[in-house]
Amino acid sequence: MLPAKLLWQDPRPIPRGNFQEIVVQVVLDPEFHEPTEDDVCPAFSSVCLAHDRLYSPGGCGEGPHLVALNCAAHGYENLGPQPLMHRYPAGFMPLLTAEQFAEVELDLYPEGCLPRVPPDIRQHSTSPGPDFAAANGASPRPFKPRHPPMAPPSPRK
């Protein structure tokens, strides 16, 4: 069973030059509306609960952001697990156990199969792998650079 309150923050490092503060998404909250298939939701927006205003990346306010999904008809709604969250499970707060992660997978992919590259695409791949190199006459020897590595720069005085 998933925790009653579940948050997620992208664990990947922020790229250089991106001055966006920390963004935490509310995945599940017991006080939020749990959407069903019968719900008719006319419009959604993202709201920063920390700054009590609409959220737009980089333009909400100063400091960390706590972002929730806001439905025009139901108010705050549970976002539920998303594929990016499945790909980076280290971002869940609290961390999920193996059983809880299996439940997230079942919720995202009810057929029981995770998204994979179809086999026919892999057979016609043009990625530089051993089969590709052999087909193009490349030798199986490992790559050796022509020049020795550069020496580290000398310290400035």
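Below, the figures for the structure above:
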{"quantity": "Counted residues, the stretch 66-93 - those being under 24 Å from ASP39 (Cα atoms), assigned to a strand (DSSP E or B) and not β-branched (Val, Ile, Thr)", "calculated": "7"}
{"quantity": "Residue tally, condition surrounded by 12 or more Cβ atoms within 10 Å (Cβ to Cβ), among the polar types (S, T, N, Q) and farther than 19 Å from LEU2 by Cα, over the stretch 50-108", "calculated": "1"}
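None of the figures in this text is laboratory data; all of them are computed from the coordinates on show. Everything quoted here is computed from the prediction, not taken from an experiment. We place every Cβ from the backbone using ideal geometry, glycine too, and count neighbours over all the protein chains shown.
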